[in-house]
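Structure first, then comments.
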Amino acid sequence: VNLLLSARPFVLLHIRDLASRKLPISTDMMNMQVLNMSSPTMGLQRSMGAQTLQQRPVRARVIQGRRSAHIMAAAVKDATQKKKVPLELEGGDLPLNTFSPKKPFKGKVVSVTKLTGPKATGETCDIVIETNGDIPYWEGQSYGVIPPGTKVNSRGKEMPHGTRLYSIAASRYGDKLDGKTTTLCVRRATYWDEEKGAEDPAKKGICSNFLCDAKPGDEVTMTGPTGKVLLMPEDPNAVFIMVATGTGIAPYRSFWRRQFVEDIPNYKFTGLSWLFMGAANSDAKLYDDEIQSLVKAYPDQFRVDYALSREQKNKRGGKMYIQDKVEEYADEVFDLLDNGAHIFFCGLKGMMPGIQEMLERVANEKGIKFEEFLEKLKKNNQWHVEVY
């Protein structure tokens, strides 16, 4: 059974600034809002006294409702045969903030699947949620999730937990292609106490652990959808350059499913989709079965290049980070951008300084004024960034 839930991305580097996402602060990330926890491609580490947030290997766990990657993709038996979808979801205006923290939506967990292998530097899960189509969204948008329970604020008042945002990892039709489910890609947030030499459960990510530990039938309180920055270009012949670290792959999965999996009469993708994916090692790859199936089925339209920081070396002999992998194809990337390609960036914000430094260096080598080049991309809506 070919697992082709996606399409071949020709790399849209959509760099979205999440500064507009002003949500309540939580302990999920050192008192910073947790969105999608990405893999440690950038070797990031944030200290808090003796407490240090690290990406540590997580012991493999059996999760109730777990589906294998093959079962996840079983809905697509042949990557070259697109599937019919309910076309009523193609009409209407962009849905925005249909549900709020005061009036949230209640979804139900269908399944939780661990995506990462035993040697990954953390645990990432695919969570399918039943919505019955009552909280519609478009590809590239995000949902808010409010974990159960309460917290005590700085004034000593007990109040509900704040909202955490997660990029949606399915097209508007969901994994079952009926528009009745949605999918989130969530990295479990854990905290390592250097003094104790062990994880500190008091500082674990509240929402990410709730979702990764959820069981079929559990209720999920949701808000949204939100977001306009990572929306897909309407042009079916567009070139997508998609740059991701860790769970930043989520919106791109929604792209490739719409491009290559679904039979949509008013959207016949004839362009290119190129994915640059950063992860620590091979066990940290996400949705790779789907990706490889699409690469095989659409070799002229879907490409993928991995940057595995703990397995590969860059041309200077150092660790291979996402900017190093993009640099290997700099000539092609710049040519595509100069001819109208879209470039998308999604993942940990720590990846952006290295990427922009690399792009500026390459531009200078080509005699291009990078600031003018970047301004042109932004003006033409070719530059999309969503980092956290």
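The values are calculated or read from the model by the stated rules, or taken from the named source; none is laboratory data. Keep in mind that this is a model prediction, so the values were computed, not measured. In this analysis, Cβ positions are derived from the backbone assuming ideal geometry, glycine residues included, and neighbour counts consider all displayed protein chains. Keep in mind that these areas ignore ligands, DNA and RNA; they rest on the heavy atoms of the full protein, side chains included. Shrake-Rupley method; radii C 1.70, N 1.55, O 1.52, S 1.80 Å.
Find all pairs meeting these conditions: Cβ atoms under 8 angstrom apart; at least six residues apart or on different chains; first residue within the stretch 92-117 and of a type in the set (A, V, I, L, M, F, W, C); second residue part of a loop (DSSP other than H, G, I, E, B) and open to solvent by less than 20 Å² (accessible area, probe 1.4 Å).
Close Cβ pairs satisfying both conditions: PHE99/ILE135; PHE105/THR131; PHE105/ILE135; VAL109/ALA214; VAL112/ILE63; VAL112/ALA214; LEU115/LEU286; LEU115/TYR287.
Quick one: count up the residues across the stretch 148-207 that are assigned to a strand (DSSP E or B), touching a helix residue (DSSP H, G or I) at 6+ places or on another chain (Cβ under 9 Å) and crowded, with 20+ Cβ neighbours inside 10 Å.
Looking only at that region, the number is 10.
So, in the stretch 208-220, of the ones that are open to solvent by less than 50 Å² (accessible area, probe 1.4 Å) and under 20 Å from the mean Cα position of the chain (by Cα), which residue ends up nearest to ILE129 (Cα to Cα)? Show your work before the answer.
Filtering the stretch 208-220 for residues open to solvent by less than 50 Å² (accessible area, probe 1.4 Å) gives 208-212, 214, 217, 220.
Then keep just the ones that are under 20 Å from the mean Cα position of the chain (by Cα); that gives 208-212, 214, 220.
Values: SER208: 15, ASN209: 16, PHE210: 13, LEU211: 10, CYS212: 12, ALA214: 11, VAL220: 8 Å.
Applying the filter and picking the extreme gives VAL220.
Going through LEU272, LEU286 one at a time, which residue ends up being aliphatic (A, V, I, L, M) and within 25 Å of LEU87 (Cα to Cα)? Give the steps one after another, and end with the answer.
On the way: LEU286 fails: within 25 Å of LEU87 (Cα to Cα).
Of LEU272, LEU286, the one residue that is aliphatic (A, V, I, L, M) and within 25 Å of LEU87 (Cα to Cα) is LEU272.
Looking at the stretch 232-257 only, could you name the residues that are part of a helix (DSSP H, G or I), more than 26 Å from ASP324 (Cβ to Cβ) and touching a strand residue (DSSP E or B) at 6+ places or on another chain (Cβ under 7 Å)? Walk me through how you get there before you give the answer.
Applying the first criterion (part of a helix (DSSP H, G or I)) to the stretch 232-257 yields 246-257.
Subset that is more than 26 Å from ASP324 (Cβ to Cβ): 254, 257.
Passing the criteria: only SER254.
Would you be able to tell me the number of residues in the stretch 277-309 that are part of a loop (DSSP other than H, G, I, E, B) and either closer than 15 Å to GLY122 by Cβ or among the aliphatic types (A, V, I, L, M) (or both)?
The initial filter retains those residues of the stretch 277-309 that are part of a loop (DSSP other than H, G, I, E, B), namely 280-281, 285-287, 298-301, 309.
Checking which are either closer than 15 Å to GLY122 by Cβ or among the aliphatic types (A, V, I, L, M) (or both) leaves us with 280-281, 285-286, 309.
Selection size over the stretch 277-309: 5.
Quickly run through the stretch 303-329 and pick out the residues that are open to solvent by 10 Å² or more (accessible area, probe 1.4 Å), under 17 Å from LEU359 (Cβ atoms) and not charged (D, E, K, R).
Once the filter is applied, which keeps residues that are open to solvent by 10 Å² or more (accessible area, probe 1.4 Å), under 17 Å from LEU359 (Cβ atoms) and not charged (D, E, K, R), the stretch 303-329 yields ASN314, TYR321, GLN323, TYR329.
Taking the stretch 119-147, which residues are of a type in the set (D, E, K, R), open to solvent by less than 50 Å² (accessible area, probe 1.4 Å) and assigned to a loop (DSSP other than H, G, I, E, B)?
Of the stretch 119-147, the ones of a type in the set (D, E, K, R) are 119, 123, 126, 130, 134, 139.
Checking the rest, the ones that are also open to solvent by less than 50 Å² (accessible area, probe 1.4 Å) come to 123, 126, 139.
Within the stretch 119-147, GLU123, GLU139 meet the criteria.
Taking interchain pairs and intrachain pairs at least six residues apart, which have beta carbon atoms under 9 angstrom, with the first residue in the stretch 310-322 and over 21 Å from ASP283 (Cβ atoms) and part of a loop (DSSP other than H, G, I, E, B) and the second open to solvent by less than 50 Å² (accessible area, probe 1.4 Å) and of a type in the set (D, E, K, R)?
Close Cβ pairs satisfying both conditions: LYS315/ASP324; LYS315/GLU327; ARG316/ASP324; GLY318/ASP324.
Kindly provide the set of residues from the stretch 258-284 that are among the hydroxyl-bearing types (Ser, Thr, Tyr), out of contact with any strand residue (DSSP E or B) (no Cβ under 9 Å at 6 or more places or on another chain) and open to solvent by less than 50 Å² (accessible area, probe 1.4 Å), ordered by number. Spell out how you get there, then give the answer.
Applying the first criterion (among the hydroxyl-bearing types (Ser, Thr, Tyr)) to the stretch 258-284 yields 267, 270, 273, 282.
Adding the requirement that they be out of contact with any strand residue (DSSP E or B) (no Cβ under 9 Å at 6 or more places or on another chain) leaves 267, 270.
Scanning the stretch 258-284 gives a single hit, TYR267.
Can you find a residue in the stretch 357-372 that is part of a helix (DSSP H, G or I), under 30 Å from TYR166 (Cβ atoms) and acidic (Asp, Glu)?
Pass one, the stretch 357-372, residues part of a helix (DSSP H, G or I): 357-365, 370-372.
Right, trim to under 30 Å from TYR166 (Cβ atoms) and you get 357-359.
Still in the list and also acidic (Asp, Glu): 357.
Within the stretch 357-372, one or more residues are part of a helix (DSSP H, G or I), under 30 Å from TYR166 (Cβ atoms) and acidic (Asp, Glu).
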